[in-house]
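In what follows, a structure is listed as structure tokens, so that the remarks can point back to it.
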Amino acid sequence: MGLEEDIESLEEEIANTPYNKSTEAHIGRLKAKLAEQKEKLEAQQSGSGGGGGYAVEQHGDATVALVGFPSVGKSSLINAMTNADSEVGAYEFTTLNVNPGMLEYRGANIQLLDVPGLIEGAAGGRGGGKEILSVIRGADLVIFVLSAFEIEQYDRLAEELYNVNIRVDAEPPSVTVRRKGKDGIDVNTSGELELDSDTVKGILRERGFINANVTIRGNPSVDRLIDGVMDNRVYMPSLVTVNKVDLIEPSYAGTMKDALRDHGVSPDDAIFISAAEEKGLDVLKERMWRALGLIRIYMDKPGRGVDREEPLIIRRGETVDDAVQKLGGTLDERFRFARVTGPSAQHDDQQVGRDHVLEDEDVLRVVARR
Ligand SMILES: Nc1nc2c(ncn2[C@@H]2O[C@H](COP(=O)(O)OP(=O)(O)OP(=O)(O)O)[C@@H](O)[C@H]2O)c(=O)[nH]1
């Protein structure tokens, strides 16, 4: 049997097996096997030289992928926010290729990718969907672009992403596996796990573990546990933006918000915009900035003063050492200590070491050997 038929028959069997305690271990094994076969298929497809034209290079400080159905206004949005010149047309499938645009915001260069309209079944490999989705997987943030009149499209977009192993707004499950020499598979849990240890063992065996110590924290489902043992899952934050709000009557706003709630999106979290009239874009940029976790570091360079024009852009949680690495050159070898003024410092010019965690708008001076 070929990989594709194998995948199909596994999917069929999973769909036809009712899930209960007595079938849990069996379903676990089937799902693990399915994940394994899909991974193989993915490796085959990416190894066959396909996907021409979709390998978008990583540029700038962060990459954002806009996902949405044809004609929701992705190209218009990119044009409104960046210096890209993507073709905007009043017909479907204007965007035939990934179209990058660069947004400059607070001194950061944020690459926006407008990927072609997702079509139903794209995740299954039809219509070049696989390549499209592989581009999204390389991003740091996904923005769901919905039209105010088609909120229900959210579900299908989310499903497509899930099917290509993109997990939005979720933490990776806490599963660690250590191989050992003998004695089979040992399952250690934090006490909350509802899955049977046979289910866990079956999943691990499908993944190729014969002797191993498994530690599971929390109470993952079968699917989450499989996520935890696969290497090809990608976790990233997402935002939901609702476009074309210039077209809605005030009386429709309530209906639109109800629709969002029906699809699991809080209207307070959604960002309402009009790409055509350039409305709501400042809020969107600010929310992107926060979701990406970018921070600005103003470098205080000897003899040149504090550079507030072109900050060094790093991520929240990063340290003086990360900043030094990003600055590059020989600074790393010559580093002695640093001085920080600003939100992360206890006082002006605080002397700190490499592991000091920086915050947005810190002023950093690196003291280096000559
Ligand atoms: N009224 C209004 N029209 C919009 C807005 N944004 C986009 N449009 C229109 O919607 C149509 C589709 O916009 P595009 O930007 O090409 O949509 P797209 O999502 O990039 O579509 P594809 O390239 O086909 O994937 C065009 O006619 C735009 O002018 C908006 O905020 N308000």
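The values are calculated or read from the model by the stated rules, or taken from the named source; none is laboratory data. Every value quoted in this text rests on a predicted model; they were computed, and no experiment measured them. Positions of Cβ are backbone-derived with ideal geometry, glycine not excepted, and every protein chain shown enters the neighbour counts. Heads up: the accessible areas ignore ligands, DNA and RNA and are worked out on the full protein's heavy atoms, side chains in. Shrake-Rupley method; radii C 1.70, N 1.55, O 1.52, S 1.80 Å.
For this structure, a couple of remarks:
- Single residue of K257, K244 found to be away from the ligand (no atom under 16 Å from the Cβ), crowded, with 18+ Cβ neighbours inside 10 Å and among the basic types (K, R): K257
- If you filter segment 263-294 down to residues that are away from the ligand (no atom under 16 Å from the Cβ) and more than 18 Å from the chain's Cα centre (by Cα), you find that the one that is least open to solvent (accessible area, probe 1.4 Å) is P267.
- Listed by position, the strands (runs of 3 or more DSSP E) inside segment 167-246 whose residues that are under 18 Å from the mean Cα position of the chain (by Cα) number at least 1 are 234-236, 238-243.
- Candidate set from segment 64-83 (those that are assigned to a helix (DSSP H, G or I) and of a type outside the set (S, T, Y)); member that is farthest from the ligand (Cβ to nearest atom): M81
- L239 vs. criteria closer than 26 Å to I166 by Cα, surrounded by 20 or more Cβ atoms within 10 Å (Cβ to Cβ) and out of contact with any helix residue (DSSP H, G or I) (no Cβ under 8 Å at 6 or more places or on another chain): no
- The set of residues in segment 153-170 being of a type in the set (S, T, Y) and surrounded by 21 or more Cβ atoms within 10 Å (Cβ to Cβ) consists of Y154 alone.
Quick grid of which residues meet (1) surrounded by 13 or more Cβ atoms within 10 Å (Cβ to Cβ); (2) within 30 Å of V142 (Cβ to Cβ); (3) among the acidic types (D, E); (4) touching a strand residue (DSSP E or B) at 6+ places or on another chain (Cβ under 7 Å):
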residue	(1), (2), (3), (4)
R296	yes, yes, no, yes
R308	no, no, no, yes
E318	yes, yes, yes, no
D322	yes, yes, yes, yes
G329	no, no, no, no
P343	no, yes, no, yes
H347	no, no, no, no
G353	no, no, no, yes
E359	yes, yes, yes, yes
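- Qualifying residue in segment 42-53 (condition: modelled with pLDDT of 90 or more, among the hydrophobic types (A, V, I, L, M, F, W, C), farther than 30 Å from L312 by Cα and under 28 Å from the mean Cα position of the chain (by Cα)): no
- Pairs are defined by a Cβ separation below 8 Å, a sequence spacing of at least 6 or placement on different chains, a first member in segment 8-21 that is outside any helix (DSSP H, G or I), and a second member that is β-branched (V, I, T); the pairs so defined are T17/T23; T17/I27; Y19/I27.
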